[in-house]
Amino acid sequence: MRTLTAAAGVSGREEDAAETAARLLRQHCGDVRRDALGSVVGTRPGRGPRILLDAHLDQIGMAVVGHEPGGFLRVAPCGGMDARCVAAQSVIIHGRRDFRGIIPAAPPHLKHDGEKSPEWNDILIDTGLSDAAAEIPLGSRVSLCAPPRRLLGERFTAPSLDDRTGVAAILRCLELLGDKPACPLAVQLSVQEEVGGAGARAAAFRAEADEALVVDVSFAWAPGAAREEAQGTLGGGVMIGVSPTLDETMSEALEALARRNNIPYTIEVMSGRTGTNADRIQQSGPALPCALLSIPLRNMHTAGEIVDLRDIESTARLMAAYLTERGTA
Amino acid sequence: MYEEQYQPPHSHWLEELCALPGVSGREGPVRDWIIAHLPAGAAYRVDPLGNLIVNGGQEKVMLCAHMDEVGLIVTHITDEGLLKFDHVGGIERAAYLGRQVFVGKNALPGVIGVVPVHLLRAEAKKQLPAQESLCIDIGADSREAAARLVKPGDTATFEPGFTRFGEGFVQSKALDDRVGCLILLELLWQNTGLCAVFSAREEVGGAAAAAAFALRPRCAVIIETTTASDLPGVSGAQRVCELGGGAVVPFMDRGTMYARELYERAMSLAKKAGIPAQTKSVIAGANDAHTIHTSAGGIPCIAISVPCRNLHSPGVVMRESDARAVFQLADLLWKELTAQ
């Protein structure tokens, strides 16, 4: 998790994260490469239906859209950044090389409503550079910076846990499978999920799969959230998605397997679109039934995302059980 | 004369100083560190309010920098094992949502949680979450699990985040006023008989007055940080002061009318020596001078400050050249005030 979260990969500029993920994926897949849009793809041979595993590589961040005198940058969100949480946030600016910077907080003596969230038009980045334009071209991505850290028990915090935990779950699943027989796999660690899911949609077309398992993060309950909206529990196990847009047979098979193998799980009910690559993969071309497994996460899209590492393990175990079962079916 | 590139020999201590936890009233770790780093032979004592007084004898001039920093204090542990908290010192909550903190004497890591923006109604997305809705999440599952490690009254500091960036800039928590502590420590290393007060509780009203009362100096020089709002879109006087503009010498703020004679002396000294100096173009902020100048029947005060962006946040920003200017001006002023 530390290796995966240390790599940067704001949507559209996933090179660093892709390189790291590809290196880790090569331990399990022989033909790892990056596709036309940049997603990391690989395969694993087997018998039975071909199953596509997807997790997204990219993370939320910002893109530089303007330069101001004094070494300040104007930025726009790249993905669903939470503007409420950016004041005095330390950042990494991925310019001609990586630079450190910080988002200024509103000066206290200037008239501003202390109850209101900052707006993107007012959000700047302080680079401390005299000529930022020379070093940081427009379009450079900016990621949130916070050191990865263990909390009590198995809890872990870092930026970009959405969705490096999904990537970690797939890697762990492949590790659990080892040399054991399973169904043939197409793995895609896809780019640009946070800005619409183009990476997954394009990559899935080439996967020639019969069905797909998407691994993303979802909301763990925390104070202030409604239980029916934040249905996951940190440490409560993998969340199995149930939705009109997901394949009912697959969801039910996953739940039965979790029960049979004593894998902790919760059911996450959605009424339509899932807001994940599962929505996109089904539009890739061939008809592709999809299931969604989610890892519960707190503080989504902030620098302080939190997961429970045991939930990555239960997700990986459930995937491995499913792939093994489908391989012998 | 002003030496622009002069780097005081102990400048590398800044990172260590900023990382120390020292929320107001809990300055112990900072005080202990400073005592351990005093020059050999410095006489010191700690007063009952926690001020560290160095070389308090027959001094005429007292120099003062505060050890404490703004932070959080745990007020309650919820059934779910989350920590309710309040602010110690003035902090805007926009500056710490989703940030890491360290709680209590064992520096237990935690994160200030927020309900994800996805789950909010359109109107709520534009509002900051209410202060009373916020919690520190240390990863505990129950009140019992949390209560084994944390108790109400424990303070929390922000993740230090000390980073040098850009051309000579630094970002960190607690630069207010550890950079002042460092400058004062450096002054002690370079001058004999300099009377220094490392004060406690500045961010919650200040304990420095008690030290001033005990010392009864002829005047006091406060080494501080002060708000700069030199940002794009802010113009003229509203910028207050500028990073890179040198030492900030205010004539007045929300707490103090600084002694006119000291103000003019500091400014003319700076001019004569070529030390970059500026004043504040907005009457804002306050510091230990507020309580010192009315202590012991009245003590004329002057402040020399490092201009900082994002004061009272986890990411205060300063420029090292400004700290050098503050050091050199304070050094000159002390020499002149004590030469008479």
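The values are calculated or read from the model by the stated rules, or taken from the named source; none is laboratory data. Computed from a prediction, not measured in an experiment: that's the story for all the values here. Note that each Cβ is placed from the backbone with ideal geometry, even for glycine, and that neighbours are counted across all protein chains shown.
In the range B:83-125, counting only strands (runs of 3 or more DSSP E) that sit wholly within it, the ones holding 1 or more residues that are touching a Cys at 6+ places or on another chain (Cβ under 9 Å) and either within 11 Å of another protein chain (Cβ to nearest Cβ) or of a type in the set (Ser, Thr, Tyr) (or both) span B:83-88, B:108-112.
Under the condition of being without any contact (Cβ under 8 Å) to a residue 60 or more places away in the chain, crowded, with 18+ Cβ neighbours inside 10 Å and not β-branched (Val, Ile, Thr), the residues counted in the range A:253-272 number 3. Scanning the range A:212-246 for residues that are without any contact (Cβ under 8 Å) to a residue 40 or more places away in the chain and on the phi > 0 side of the Ramachandran plot yields a total of 1.
Each row is one residue, and each column tells you yes or no for (1) within 25 Å of B:Leu329 (Cα to Cα); (2) surrounded by fewer than 18 Cβ atoms within 10 Å (Cβ to Cβ).
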site: B:His12; (1), (2): yes, yes
site: B:Cys18; (1), (2): yes, no
site: B:Ile34; (1), (2): yes, no
site: B:Lys60; (1), (2): yes, yes
site: B:Cys64; (1), (2): yes, no
site: B:Thr75; (1), (2): no, yes
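Looking across the range B:128-163, the residues that are of a type outside the set (A, V, I, L, M) and at the interface with chain A (Cβ under 8 Å from one of its Cβ atoms) come down to B:Pro129, B:Ser133, B:Cys135, B:Asp137, B:Gly139, B:Asp141, B:Glu159, B:Gly161, B:Thr163. A:Arg155 falls short on exactly one of the conditions (1) more than 12 Å from chain B (Cβ to nearest Cβ); (2) under 26 Å from A:Arg2 (Cα atoms); (3) basic (Lys, Arg), and that condition is (1).
Looking at the range A:90-160, the strands (runs of 3 or more DSSP E) lying wholly inside it that each contain 2 or more residues that are more than 20 Å from A:Gly12 (Cα to Cα) sit at A:98-102, A:124-126, A:155-157.
Every condition in (1) in a loop (DSSP other than H, G, I, E, B); (2) within 14 Å of another protein chain (Cβ to nearest Cβ); (3) among the small types (Gly, Ala, Ser); (4) touching a residue at least 24 places away in the same chain (Cβ under 8 Å) is met by A:Gly275 except one, and the failing one is (4). If the condition is being of a type outside the set (A, V, I, L, M, F, W, C), over 13 Å from B:Arg216 (Cα atoms) and not in a strand (DSSP E or B), then the range B:56-69 contributes only B:Asp68. If I ask for residues that are more than 10 Å from chain B (Cβ to nearest Cβ) and either in contact with a His (Cβ under 7 Å, 6 or more places away or on another chain) or modelled with pLDDT under 95 (or both), which ones from the range A:124-133 would you list? If the condition is that a residue be more than 10 Å from chain B (Cβ to nearest Cβ) and either in contact with a His (Cβ under 7 Å, 6 or more places away or on another chain) or modelled with pLDDT under 95 (or both), then A:Ala133 is the only one that fits. Residues in the range A:20-39 that are outside any helix (DSSP H, G or I) and touching a helix residue (DSSP H, G or I) at 6+ places or on another chain (Cβ under 9 Å): A:Gln27, A:His28, A:Cys29, A:Val32, A:Arg33, A:Arg34, A:Asp35, A:Ala36, A:Leu37, A:Gly38, A:Ser39. Given the criteria modelled with pLDDT under 95 and touching a strand residue (DSSP E or B) at 6+ places or on another chain (Cβ under 7 Å), does A:Glu119 qualify? In short, no.
Inspection of the range A:40-48 finds no residue satisfying the criterion of being touching a Gly at 6+ places or on another chain (Cβ under 7 Å), assigned to a strand (DSSP E or B) and not charged (D, E, K, R). Does B:Cys241 satisfy the criteria of being part of a strand (DSSP E or B) and modelled with pLDDT of 95 or more? No.
Given A:Met250, A:Met239, which one is crowded, with 19+ Cβ neighbours inside 10 Å and touching a Gly at 6+ places or on another chain (Cβ under 8 Å)? The match here is A:Met239.
Checking each residue in the range B:319-340 for being buried (at least 24 other Cβ atoms within 10 Å of the Cβ) and within 14 Å of chain A (Cβ to nearest Cβ) picks out B:Arg319, B:Asp322. Could you pull out the residue among B:Arg31, B:Arg45, B:Arg26 that is assigned to a loop (DSSP other than H, G, I, E, B), in contact with a strand residue (DSSP E or B) (Cβ under 7 Å, 6 or more places away or on another chain) and at pLDDT 95 or above? Unique residue meeting the criteria: B:Arg26.
Residue-by-condition table, conditions (1) out of contact with any Leu (no Cβ under 7 Å at 6 or more places or on another chain); (2) outside the structural domain of A:Met300 (by TED's automatic domain parsing); (3) among the basic types (Lys, Arg); (4) in contact (Cβ under 8 Å) with a residue 40 or more places away in the chain:
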position: A:Glu14; (1), (2), (3), (4): no, no, no, yes
position: A:Ala18; (1), (2), (3), (4): no, no, no, yes
position: A:Asp31; (1), (2), (3), (4): yes, no, no, no
position: A:Arg34; (1), (2), (3), (4): yes, no, yes, no
position: A:Gly38; (1), (2), (3), (4): yes, no, no, yes
position: A:Pro69; (1), (2), (3), (4): yes, yes, no, no
position: A:Val75; (1), (2), (3), (4): yes, yes, no, yes
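Matching residues to (1) of a type in the set (Phe, Trp, Tyr); (2) in contact (Cβ under 8 Å) with a residue 12 or more places away in the chain; (3) farther than 28 Å from A:Asp126 by Cβ:
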| site | (1), (2), (3) |
| --- | --- |
| B:Arg254 | no, yes, no |
| B:Tyr263 | yes, yes, yes |
| B:Ala270 | no, yes, no |
| B:His290 | no, yes, yes |
| B:Glu320 | no, yes, no |
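Being out of contact with any Pro (no Cβ under 7 Å at 6 or more places or on another chain) and in the same structural domain as B:Pro300 (by TED's automatic domain parsing) narrows it down to one of B:Ala200, B:Ala228, so name that one. On inspection, the qualifying residue turns out to be B:Ala200. Please work out which residue is surrounded by the most Cβ atoms within 10 Å (Cβ to Cβ), limiting yourself to the range B:293-318 and to residues that are in a loop (DSSP other than H, G, I, E, B) and away from chain A (no Cβ under 14 Å). Of everything passing the filter in the range B:293-318, B:His293 is surrounded by the most Cβ atoms within 10 Å (Cβ to Cβ).
The single residue among A:Ala88, A:Ala76 that is more than 27 Å from A:Val41 (Cα to Cα) and facing chain B (nearest Cβ under 7 Å) turns out to be A:Ala88.
Here is the figure for the range A:149-190: residues that are surrounded by fewer than 24 Cβ atoms within 10 Å (Cβ to Cβ), basic (Lys, Arg) and more than 22 Å from A:Gly327 (Cα to Cα) total 2.
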